[in-house]
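Trainee: Have a look at the structure that comes next, please.
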Amino acid sequence: MAVTDARPLPARRKWIIVILATVVELVAFWSVIIGMARGTADQGSEIAGSAAGAFALGFSLVPFAFLVLAFGTNNPRAPGATLRAMGFWMIIGLPLILFIEPATGLAAGFGLGAIPAIRLEPEHSWKARLWWVLAFVIYVFVLVFTKVAAGPGVLTASLLPFVTVAFADWVVDQMSEAREQAAGSSLP
């Protein structure tokens, strides 16, 4: 079991971990996208081999992105959180990647996987994280699938899944601070 600290995770450390995990996620994301794009091209077996390699590299890096999040944020159940994150990625993200739209599926898989992977402080909630990820996935879907702005949609899908969950926690922190200040100012 991971060594954990009972103190709240400093915001600076959380954002550094999110950035590091996003770097790993970016390599995985773009490897899967490149593998799928090259795999659909009808250019012979040489291209198909490199497509399979890119696809395999992307899939092999997915658990490492969740490991960086779980262990980096001192999640008390980091190994189990990583397995839950991979479960969300496989059960929800993978079918979306293969059958609906790859960028939206990757965004959903990584976003949903980040929910259990990032350490949950007592004031944070799964519900807030889930709603923010759902809004993010819908946003990406609208941009990419409807071809309104496919390029920015794919770029957003690759950069923001982990940031969305960290941002959800930040919003909850800001709301609780505002409530505390309002309660403190109303006391005589």
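The values are calculated or read from the model by the stated rules, or taken from the named source; none is laboratory data. Bear in mind that the values here come from a model prediction, so they are computed numbers and not experimental data. Heads up, the Cβs are rebuilt from the backbone with ideal geometry, glycines too, and the neighbour counts pull from every protein chain shown.
Trainee: Name the single residue that is modelled with the highest pLDDT among those in the stretch 34-87 being assigned to a helix (DSSP H, G or I), in contact with a helix residue (DSSP H, G or I) (Cβ under 7 Å, 6 or more places away or on another chain) and of a type in the set (Ser, Thr, Tyr).
Mentor: 82
Trainee: Something else about it: Does the stretch 166-182 hold any residues that are surrounded by 19 or more Cβ atoms within 10 Å (Cβ to Cβ) and touching a residue at least 60 places away in the same chain (Cβ under 8 Å), and which are they? Let's see the steps before the verdict.
Mentor: To start, the set of residues in the stretch 166-182 that are surrounded by 19 or more Cβ atoms within 10 Å (Cβ to Cβ) comprises 166, 168-169.
166, 169 - these are the residues of the stretch 166-182 that are surrounded by 19 or more Cβ atoms within 10 Å (Cβ to Cβ) and touching a residue at least 60 places away in the same chain (Cβ under 8 Å).
Trainee: Is there a residue in the stretch 88-95 that is in contact with an Asp or Glu (Cβ under 8 Å, 6 or more places away or on another chain) and at pLDDT 90 or above? Before the answer, list the steps.
Mentor: Initially, the stretch 88-95 is screened for residues in contact with an Asp or Glu (Cβ under 8 Å, 6 or more places away or on another chain), giving none.
No, every residue in the stretch 88-95 fails to be in contact with an Asp or Glu (Cβ under 8 Å, 6 or more places away or on another chain) and at pLDDT 90 or above.
Trainee: Can you tell me which residue within the stretch 71-94, out of those that are without any contact (Cβ under 8 Å) to a residue 24 or more places away in the chain, touching a Gly at 6+ places or on another chain (Cβ under 7 Å) and of a type outside the set (Gly, Ala, Ser), is nearest to residue 28 (Cα to Cα)?
Mentor: Checking each candidate, the answer is 94.
Trainee: Test residue 126 against the stated conditions and say whether it is of a type in the set (Phe, Trp, Tyr) and over 12 Å from the mean Cα position of the chain (by Cα).
Mentor: The answer is yes for residue 126.
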